[in-house]
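See structure below.
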């Protein structure tokens, strides 16, 4: 066979790539970049009888400490019983239950004992496959097990958006539904906010149906994440659009607090002078569900997203001068308290007295929503430039893009942070 210069160069390139990435090809699926096992974690597990039966079954990467782990596993039977006791009466009868990353199956067994609902297990690590398949074999009519990343659904949604794929449908299988009112209970530990942001994106940007129905989340999460989503002072001081949209779209309740040490891997301390030492040692068991009523008509939700973007209204932005950049002279309606059209639904909160010096930070979340709803109700709105400005600012995952323009998936999380 004649080896041409082109073939030679191509083969040489392939050889360089193979040599460069051979360590990744040989790496087990669960192996993480090398870092020392935490002696603190090891000592804790070895000092308690609670973990005697699983001590030699815990994968080494869970014995390390992380700043922001991708997954988190419950390892304590008593806490599993405590969690199910808190959510037992809140799970709707006959609605399917999804348990995310069940690991050793302690929560799984408690759920099977407490309910007759069908249980769908999604586990991202093949280390736990054998034990979960045994649970499935013991309850073949009720338990479905799949080795996949349920909380990573946002990545699949992004890819489906790019090429009209069926990755979400493949992930959900029999769980997929077009019934937006179908209740679905989702149970598990959630160390990051990516899935919550995915739900916000699905609602706001009219992505194709999430195929989940109406998810009812029973999630264990770090306290600082819950406080970020729900604390009004964070929203007002930093003006984050994620907390604003979360609070407007979802109802949320802390059901209980559980020990953080009962979950692996452990994380490095985030304690500051202002943080609560007790909360630093706890995880929050939280119930999150979609509100029965949206804050505005569905076709206005992308406008609401843009309204809460920091570059639209910063904390120090004066509300009336800013609005008058789009609709000249509209400020007098807010100053005089002029009511919106009669067909507009009642305002979320009556506005305080406003003048040209009123800043966005002077308004509560529901005051801001009232200003938004009045703004988009004025007859001049459709002729102003606000909508076109919003369309030019849409994140890439909210638009249909050609493959050449699609960002790398590693970059998508940066856009999620900017939602």
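Mind listing just one residue for me: the one in the range 96-153 that is out of contact with any strand residue (DSSP E or B) (no Cβ under 9 Å at 6 or more places or on another chain) and within 25 Å of residue 198 (Cα to Cα) and, of those, modelled with the highest pLDDT?
In the first step, residues of the range 96-153 are kept if they are out of contact with any strand residue (DSSP E or B) (no Cβ under 9 Å at 6 or more places or on another chain); the result is 109-110, 113-114, 116, 127, 130-131, 134, 138, 140-141, 152-153.
Now narrow it down to the ones that are within 25 Å of residue 198 (Cα to Cα): 152-153.
Numbers: 152: 82, 153: 78.
It comes out as 152.
Looking only at the range 22-51, how many residues end up being farther than 17 Å from residue 266 by Cβ and either at pLDDT 90 or above or part of a helix (DSSP H, G or I) (or both)?
Looking only at that region, the number is 5.
Considering only the range 168-186, state which residues are under 18 Å from the mean Cα position of the chain (by Cα) and assigned to a helix (DSSP H, G or I).
Residues satisfying the conditions are 168, 171, 172.
Take the conditions touching a helix residue (DSSP H, G or I) at 6+ places or on another chain (Cβ under 6 Å) and touching a residue at least 24 places away in the same chain (Cβ under 8 Å) and apply them to residue 92. Does it pass?
Answer is no for this residue.
State all residues of the range 52-89 that are in a helix (DSSP H, G or I), in contact with a strand residue (DSSP E or B) (Cβ under 9 Å, 6 or more places away or on another chain) and either closer than 17 Å to residue 109 by Cα or without any contact (Cβ under 8 Å) to a residue 12 or more places away in the chain (or both); if no residue qualifies, say none.
Scanning the range 52-89 gives 79, 80, 82, 83, 84, 85, 86, 87.
Any residue at all in the range 396-414 that's buried (at least 17 other Cβ atoms within 10 Å of the Cβ) and modelled with pLDDT of 90 or more?
There is no residue in the range 396-414 that is buried (at least 17 other Cβ atoms within 10 Å of the Cβ) and modelled with pLDDT of 90 or more.
Is it true that some residue in the range 155-163 is on the phi < 0 side of the Ramachandran plot, in the same structural domain as residue 258 (by TED's automatic domain parsing) and not in a helix (DSSP H, G or I)?
Looking for residues that are on the phi < 0 side of the Ramachandran plot, in the same structural domain as residue 258 (by TED's automatic domain parsing) and not in a helix (DSSP H, G or I), one finds none in the range 155-163, hence no.
So which of 113, 95 ends up being in the same structural domain as residue 191 (by TED's automatic domain parsing) and not in a loop (DSSP other than H, G, I, E, B)?
None of the other options fit; the residue is 113.
Taking the condition of being surrounded by fewer than 22 Cβ atoms within 10 Å (Cβ to Cβ) and not in a helix (DSSP H, G or I), how many residues in the range 222-232 meet it?
1
The values are calculated or read from the model by the stated rules, or taken from the named source; none is laboratory data. What you are looking at is a predicted structure, and each value in this text was computed from that prediction instead of being measured. Cβ: placed from backbone, ideal geometry, glycine included. Neighbour counts: every protein chain shown.
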